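*Asks:* The structure that follows is given in the form of structure tokens.
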Amino acid sequence: MNQPILIKNATIVNERKCMQTDVLIDGERIEKIGSIDLSPNFQEVDGTGKHLLPGVIDGQVWLTAPVFFLSKLQTLARE
């Protein structure tokens with residue numbers, strides 16, 4: 001079984017806000033976002049200076065989307 005991964009001091013972009021904090025990942029699931037104490041069974045990753053976007057799937061798709069598509073999507077999101 002894989003060790004849980006603790007990402008320390010990353011900048012989390014989530015729900016229209018940014019915060020510098022820790023993220024604990026166990027398997028394929030985010031278990032906790034917030035201040036987390038290191039445990040001997042965690043694999044620690046230094047997230048200092050890095051950004052994490054929990055919940056974003058294939059965020060680069062938007063980089064190639066036509067502008068009219070994005071405008072329509074924003075309109076639909078407001079409705």
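*Asks:* Across region 6-17, what is the number of residues that are crowded, with 19+ Cβ neighbours inside 10 Å and more than 11 Å from the chain's Cα centre (by Cα)?
*Replies:* Number satisfying all stated conditions: 1.
*Asks:* Separate question: Only residues that are small (Gly, Ala, Ser) and at pLDDT 90 or above: list them for region 40-64, please.
*Replies:* The answer is Gly47, Gly49.
*Asks:* Among the candidates Gln3, Gln20, which residue alone is touching a strand residue (DSSP E or B) at 6+ places or on another chain (Cβ under 6 Å), assigned to a strand (DSSP E or B), surrounded by fewer than 15 Cβ atoms within 10 Å (Cβ to Cβ) and at pLDDT 75 or above?
*Replies:* Gln20
*Asks:* If you check every pair at least six apart or on different chains, which have Cβ atoms under 9 Å apart with a residue in region 19-47 that is more than 12 Å from Ile7 (Cα to Cα) first and a residue that is at pLDDT below 95 and among the polar types (S, T, N, Q) second?
*Replies:* Listed pairs, sorted by first residue: Met19/Thr11; Gly27/Asn2; Asn41/Gln3.
The values are calculated or read from the model by the stated rules, or taken from the named source; none is laboratory data. Only a predicted model underlies this, so the values are computations on that prediction, with no experimental measurement involved. Note that each Cβ is placed from the backbone with ideal geometry, even for glycine, and that neighbours are counted across all protein chains shown.
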